[in-house]
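Here the structure comes first, spelled out in structure tokens, and everything after it is commentary.
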Amino acid sequence: MASTESLLPLTSQQDPLSRSDLNSETRRRRPIKLHLAVYSGFLLIALYVTLIVTHDGSRVKNDETTTESRAYLAGVSEKRVSNDRENEAFPWNNTILSWQRTAFHFQPEKNWMNDPNGPLYYKGWYHFFYQYNPNAAVWGDIVWGHAVSKDLIHWLYLPFALVPDQWYDANGVWTGSATFLDDGSIVMLYTGSTDKFVQVQNLAYPEDLSDPLLLKWTKYPGNPVLVPPPGIGEKDFRDPTTAWKTSAGKWRITIGSKVNKTGISLIYDTTDFKTYEKHDTWLHQVPNTGMWECVDFYPVSKTKTKGLDTSVNGRDVKHIVKASMDDTRIDHYAIGTYYDSNATWVPDNPAIDVGVSTGLRYDYGKYYASKTFYDQNKGRRILWGWIGESDSEAADVQKGWSSVQGIPRTVVLDTKTKKTLVQWPIKEIESLRLTSKKFHMKVEPGTVVPVEVGPAAQLDIEAEFTIKKSDVDIIFGDDSVDTDKEFSCETSGGSTVRGALGPFGFSVLADQSLSEQTPVYFYVTKGKDSKLSGKDSKLSTFFCTDTSRSTKANDVVKPVYGSFVPVLKGEKLTMRIIIDHSIVEAFGQGGRTCISSRVYPTNAIYGATKLYLFNNAIDATVTASFKVWQMNSAFIHPFSADDLGVPSRT
Amino acid sequence: MKMVMMFMVMMMVSESSMIDQTCKETPDFNLCVSLLNSDPRGSSADTSGLALILVDKIKVLATKTLHEINGLYKKRPELKQALGECSRRYKTILNADVPEAIEAISKGVPKFGEDGVIDAGVEASVCEEGFKGKSPLTSLTKSMQKISNVTRAIVRMLL
């Protein structure tokens with residue numbers, strides 16, 4: 001999760017106490033690693049002088065550092081206690097915690113999960129592997145969990161696919177990716193943490209290709225196939241990608257790493273996945289972005305909305321580089337051009353290169369370590385992303401589990417703007433839609449309207465908003481209405497701060513008295529031109545989720561998430577919200593801007609969960625047309641023989 | 001011989017300076033230095049070694065606090081409910097945060113270590129607030145928050 005400002009829940013902006021708290025724990029310069037290599041007496045003496053100087057200055061320097069800048073720390077997904085005095089230390093009980101478990105998102109039966117691994121489609125089954133701790137609800141003892149599904153929704157748990165049982169993965173079977181070879185067989189490359197804590201790449205393959213469930217996996221006896229090359233830290237070498245074909249017919253992979261503070265992606269070519277030639281150049285690098293984890297690299301069509309197999313290249317193709325930033329825990333991507341001949345990739349717009357803070361994100365909420373795969377069954381590229389918890393580890397331990405995976409999303413280039421990807425929940429999720437209700441409501445400025453849909457913890461909402469044209473015109477004619485100079489979901493105060501044309505949207509997971517609520521909304525401002533919007537656009541639109549009042553509990557991180565969303569001329573404002581207990585996934589303008597958030601209400605649970613429509617704009621009347629579906633459970637359960645041949649249990 | 005002596009002196013200077021250098025980048029230099037210098041492993045540890053020492057200090061402090069909580073049950077029965085919550089929170093520090101942090105720092109995935117270290121401070125704060133201003137554990141809570149902040153800063157150097 002977490003943008004730079006996500007540490008600042010709404011409450012702390014109003015509370016000077018938390019301001020000072022923030023100062024004490026925000027940005028600090030990263031340290032200079034001092035490697036003292038002592039070779040000669042000369043050096044020693046020089047060193048002696050240096051050290052004394054450094055030592056003497058240390059305290060002063062420390063003070064400077066504290067006030068100096070608010071650095072990296074602020075961007076990190078983290079657990080902390082909010083300083084809102086109205087919020088009490090919350091005694092979580094099992095009734096409240098049980099409600100948090102999701103009904104149709106992938107999560108293991110219990111314990112900890114993180115990165116998605118090696119997703120693939122084989123002989124009628126979608127396979128999903130995941131980083132899993134079999135022993136606790138916190139990270140550790142990592143194995144590969146495994147599940148299969150006919151439709152990416154109704155999952156069946158299978159036995160672990162890979163466990164640490166060799167010296168080269170004794171300390172963990174970490175993240176990896178699958179590649180289909182030309183003969184239809186499968187290779188899996190994954191990172192092992194060796195008995196000496198060195199990160200190496202290993203090869204595994206299915207023992208029996210005639211088994212559609214791919215139950216048994218064999219580790220290649222010659223593992224590891226790749227060790228950290230010279231100049232790369234032994235703990236900075238992980239998460240190999242799916243391989244793609246070079247024009248010379250070889251396979252090529254990339255692996256994230258760093259050199260000093262520059263995030264890089266190493267390139268290797270291979271023919272057999274056992275031996276590799278390393279390129280001396282990198283696929284890409286961006287200074288000051290830190291370690292790149294879980295790099296993903298894939299083509300997208302400039303003209304068509306179907307997905308492309310990973311090896312596809314050509315004139316109508318753009319290439320995406322995505323990396324997960326270890327420093328900030330944000331998944332950043334950029335759009336660019338890939339050059340097969342020298343194995344490099346160049347961003348279309350260097351100002352929004354991979355990992356820079358103003359760059360593009362799959363998701364402006366909590367979403368990390370994501371990975372795509374090409375679904376040859378339906379000709380689409382599908383994105384998986386890990387959505388962790390925002391509560392305390394005590395709560396995770398008490399409820400016995402931690403983390404969910406987002407609903408898989410199809411991902412394509414926005415063929416209209418060619419400047420962002422568009423992500424949309426896979427079509428199959430609609431098979432869970434039960435009863436629906438249609439609404440058409442006009443909401444005056446400053447109103448909140450209950451939306452009567454019955455239970456509101458498992459919903460799918462699709463909505464369209466229009467702002468009354470005369471209101472917009474008046475605002476443009478009125479010079480006293482300022483341009484919102486630098487509106488930002490994260491820092492502009494959340495859903496209670498009113499502007500001329502917003503915020504308006506839905507309050508989800510709310511209780512009757514609105515003591516708890518999570519608003520998902522648009523905020524429209526008199527526009528500056530944005531690098532992403534059409535130049536003719538007079539309005540700038542932002543899409544946000546405000547979790548700052550989502551729960552009374554204080555041992556929960558409650559940021560306001562969101563970002564700018566491109567709205568083209570003639571387009572209505574549209575949003576889709578998928579609610580599944582403690583997770584809310586929001587998609588603005590057909591998936592140009594997405595926000596996943598985790599929320600933990602204490603009152604707005606079970607029968608008390610409600611849905612509201614609100615318009616907090618000062619001047620604008622808004623009309624909302626929307627449809628709300630009740631969502632079924634996906635009944636995710638362990639595989640049994642009964643499940644063979646049964647497409648789904650609904 | 002003189003050279004050897006000088007070399008030894010140099011090494012000692014450089015060792016203490018590794019701690020100083022690291023602690024300068026934390027929010028509490030004095031606490032950081034005193035904790036690390038008090039540990040025999042401190043003088044020869046690298047950055048992850050220093051982080052592990054501090055996680056150990058979190059463990060020691062949590063154990064001590066848990067003993068204190070157990071003692072208070074008898075002395076202050078009126079605080080039973082808050083103490084019960086505190087006991088659960090400190091057990092989380094010992095049984096979840098600390099092992100998670102140790103494993104993550106040792107294995108070279110410090111961001112999961114950061115989770116455990118931050119959470120130790122969170123759990124202590126939650127415990128404290130349960131007393132609604134009448135906490136018998138305030139100084140222990142503050143110590144945990146401070147160690148958590150210092151340790152976190154060092155864990156981030158490993159990212």
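The values are calculated or read from the model by the stated rules, or taken from the named source; none is laboratory data. Since we're looking at a predicted model, the values are computed, not measured. Positions of Cβ are backbone-derived with ideal geometry, glycine not excepted, and every protein chain shown enters the neighbour counts.
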**Search result, residues across the stretch B:52-99 that are out of contact with any helix residue (DSSP H, G or I) (no Cβ under 9 Å at 6 or more places or on another chain) and of a type in the set (S, T, N, Q)** = B:Gln81
**Item:** First in the stretch B:18-30 and more than 14 Å from B:Leu54 (Cβ to Cβ), second anywhere and among the aliphatic types (A, V, I, L, M) and at pLDDT 95 or above, Cβ under 6 Å, 6 or more apart
**Value:** none
**Message:** I'd like to verify a number: residues in the stretch B:57-76 that are away from chain A (no Cβ under 14 Å) and surrounded by 17 or more Cβ atoms within 10 Å (Cβ to Cβ), how many?
**Reply:** 6
**Item:** Top-ranked residue in the stretch A:635-650 [being at pLDDT 80 or above and assigned to a loop (DSSP other than H, G, I, E, B); ranked as farthest from A:His154 (Cα to Cα)]
**Value:** A:Ser640
**Message:** For A:Ile426, only one of the following conditions fails: (1) closer than 30 Å to A:Val321 by Cα; (2) modelled with pLDDT of 95 or more; (3) more than 20 Å from the chain's Cα centre (by Cα). What is its number?
**Reply:** (3)
**Request:** Say whether the condition of being surrounded by 14 or more Cβ atoms within 10 Å (Cβ to Cβ), within 24 Å of the chain's Cα centre (by Cα) and part of a strand (DSSP E or B) is met by at least one residue in the stretch A:267-282.
**Result:** no
**Asked** Any chance the stretch A:383-392 includes a residue that's out of contact with any Phe, Trp or Tyr (no Cβ under 8 Å at 6 or more places or on another chain) and in the same structural domain as A:Gly336 (by the TED database)?
**Response** yes
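Among residues belonging to the stretch B:23-42 that are among the charged types (D, E, K, R) and away from chain A (no Cβ under 14 Å), point out the one that is surrounded by the most Cβ atoms within 10 Å (Cβ to Cβ).
Initially, the stretch B:23-42 is screened for residues among the charged types (D, E, K, R), giving B:24-25, B:28, B:39, B:41.
Next, from what is left, pick out any that are away from chain A (no Cβ under 14 Å): B:39, B:41.
Details: B:Asp39: 17, B:Arg41: 12.
Taking the candidates together, the pick is B:Asp39.
Does the stretch A:323-351 hold any residues that are among the β-branched types (Val, Ile, Thr) and either in contact with a Ser or Thr (Cβ under 6 Å, 6 or more places away or on another chain) or farther than 15 Å from A:Asn288 by Cβ (or both), and which are they?
A:Ile335, A:Thr337, A:Thr344, A:Val346
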**Item:** Selected residue (only one of A:Ala617, A:Ala641 is crowded, with 22+ Cβ neighbours inside 10 Å and more than 25 Å from the chain's Cα centre (by Cα))
**Value:** A:Ala617
**Item:** Per-region count, the stretch A:105-130, residues over 21 Å from the mean Cα position of the chain (by Cα) and among the small types (Gly, Ala, Ser)
**Value:** 1
**Item:** Within the stretch B:129-149, considering residues that are at pLDDT below 95 and charged (D, E, K, R), the one surrounded by the most Cβ atoms within 10 Å (Cβ to Cβ)
**Value:** B:Glu129
**Request:** Return a yes/no flag: does the stretch A:285-296 have any residue that is modelled with pLDDT of 95 or more, farther than 30 Å from B:Met157 by Cβ and away from chain B (no Cβ under 14 Å).
**Result:** no
**Item:** Checking B:Arg88 against (1) under 21 Å from A:Phe197 (Cβ atoms); (2) facing chain A (nearest Cβ under 10 Å); (3) at pLDDT 95 or above, the condition it does not meet
**Value:** (1)
**Filter result (at the interface with another protein chain (Cβ under 7 Å from one of its Cβ atoms) and of a type in the set (A, V, I, L, M, F, W, C)) within the stretch B:91-116** = B:Ala96, B:Ala104, B:Phe112
**Message:** Taking the conditions exactly as written (within 30 Å of A:Lys558 (Cβ to Cβ) and within 22 Å of the chain's Cα centre (by Cα)), does A:Ala369 satisfy them or not?
**Reply:** yes
**Asked** Would you say A:Phe465 is at pLDDT below 95 and not basic (Lys, Arg)?
**Response** no
**Fill in**
In the stretch A:400-428, anything of a type in the set (A, V, I, L, M) and part of a strand (DSSP E or B) is listed as A:Val404, A:Val411, A:Val412, A:Leu413, A:Leu421, A:Val422
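Output the residues belonging to the stretch A:131-145 that are touching a residue at least 40 places away in the same chain (Cβ under 8 Å) and under 21 Å from the mean Cα position of the chain (by Cα). Working first, answer last.
Initial filter on the stretch A:131-145 (touching a residue at least 40 places away in the same chain (Cβ under 8 Å)): A:131, A:136-138, A:144.
The answer is A:Gln131, A:Ala137, A:Val138, A:Trp144.
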**Prompt:** Applying the selection to the stretch A:360-399, what residues are part of a loop (DSSP other than H, G, I, E, B) and either away from chain B (no Cβ under 14 Å) or under 18 Å from A:Ala178 (Cα atoms) (or both)?
**Reply:** A:Tyr362, A:Asp363, A:Tyr364, A:Gly365, A:Tyr367, A:Gln376, A:Asn377, A:Lys378, A:Gly379
**Asked** Only one of these conditions is not met by A:Thr102: (1) under 17 Å from the mean Cα position of the chain (by Cα); (2) in a loop (DSSP other than H, G, I, E, B); (3) at pLDDT 95 or above. Which number is it?
**Response** (1)
**Asked** Has the stretch A:312-321 got any residue that is more than 22 Å from the chain's Cα centre (by Cα) and in a strand (DSSP E or B)?
**Response** yes
**Item:** Residue among A:Gly355, A:Gly307, A:Gly365 that is assigned by the TED database to the domain that holds A:Leu413, within 25 Å of A:Glu585 (Cβ to Cβ), at pLDDT 95 or above and touching a His at 6+ places or on another chain (Cβ under 6 Å)
**Value:** A:Gly355
**Request:** Answer yes if at least one residue in the stretch A:577-599 is assigned to a loop (DSSP other than H, G, I, E, B), surrounded by fewer than 24 Cβ atoms within 10 Å (Cβ to Cβ) and hydrophobic (A, V, I, L, M, F, W, C), and no otherwise.
**Result:** no
**Message:** For the stretch A:539-593, give me each residue that is basic (Lys, Arg) and within 14 Å of chain B (Cβ to nearest Cβ).
**Reply:** A:Lys552, A:Lys558
**Message:** Looking at the stretch B:117-131 only, could you name the residues that are part of a helix (DSSP H, G or I) and at the interface with another protein chain (Cβ under 7 Å from one of its Cβ atoms)?
**Reply:** B:Ile118, B:Asp119, B:Val122, B:Glu123, B:Ser125, B:Val126, B:Glu129
